[in-house]
């Protein structure tokens with residue numbers, strides 16, 4: 001049986017510096033805990049969870065990254081620029097997660 005769940009929450013833009021900067025949206029602990037409970041039905045491995053993210057009228061596909069007991073939502077340049085989001089900004093994000101139980 002396929003599963004689909006949606007979460008909406010306020011998120012802050014953070015930057016993770018590597019060879020190039022990467023931008024992510026944070027999530028509240030209660031959302032991370034709910035996603036963690038659903039992870040066996042949603043992950044494709046390594047704890048990453050495929051997702052569709054939406055802020056205002058901009059939608060993108062991505063995968064949530066597990067990080068320090070929570071998850072980060074990658075904020076693609078193609079979404080960040082038209083939304084005018086930068087480090088420290090807050091926005092409301094809606095995540096849609098889909099998956100199937102392992103072995104189904």
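Bear in mind these aren't lab numbers, they're just calculated from the coordinates by the rules spelled out. Being a predicted model, the structure only gives us computed values, none of them experimental. Because the Cβ atoms are built from the backbone with ideal geometry, glycine has one as well, and the counts that use them run over all protein chains shown.
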Going by a ≥ b ≥ c, the root eigenvalues of the Cα gyration tensor, does the stretch 39-80 fall in the rounded group (a/c under 1.5), the prolate group (a/b larger than b/c) or the oblate group?
-> prolate
On a 0 to 90° scale, report how tilted helix 29-42 is relative to the longest principal axis of the chain, with both axes built from alpha carbons and the result rounded to the nearest 10.
-> 50
Please sort 51-59, 67-75 by packing, taking for each peptide the average over its residues of neighbouring beta carbons within 10 angstrom, highest first.
-> 67-75, 51-59
How many angstrom lie between the C-alpha centres of the stretch 1-41 and the stretch 61-88?
-> 8
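Compute the relative contact order of the chain as a whole-number percentage, counting only Cα pairs closer than 8 Å that sit 6 or more residues apart in sequence.
Normalised by residue count, the contact order of the chain is 42 percent.
Under 1.5 on a/c is rounded, so check that first for the chain, then, if it is not, pick prolate when a/b is larger than b/c and oblate when it is not; a ≥ b ≥ c are the square roots of the alpha carbon gyration tensor eigenvalues. Can you show the working numbers first?
Numbers: a/c = 1.85, a/b = 1.62, b/c = 1.14.
Prolate is the answer for the chain, as a/c is 1.5 or above and a/b outweighs b/c.
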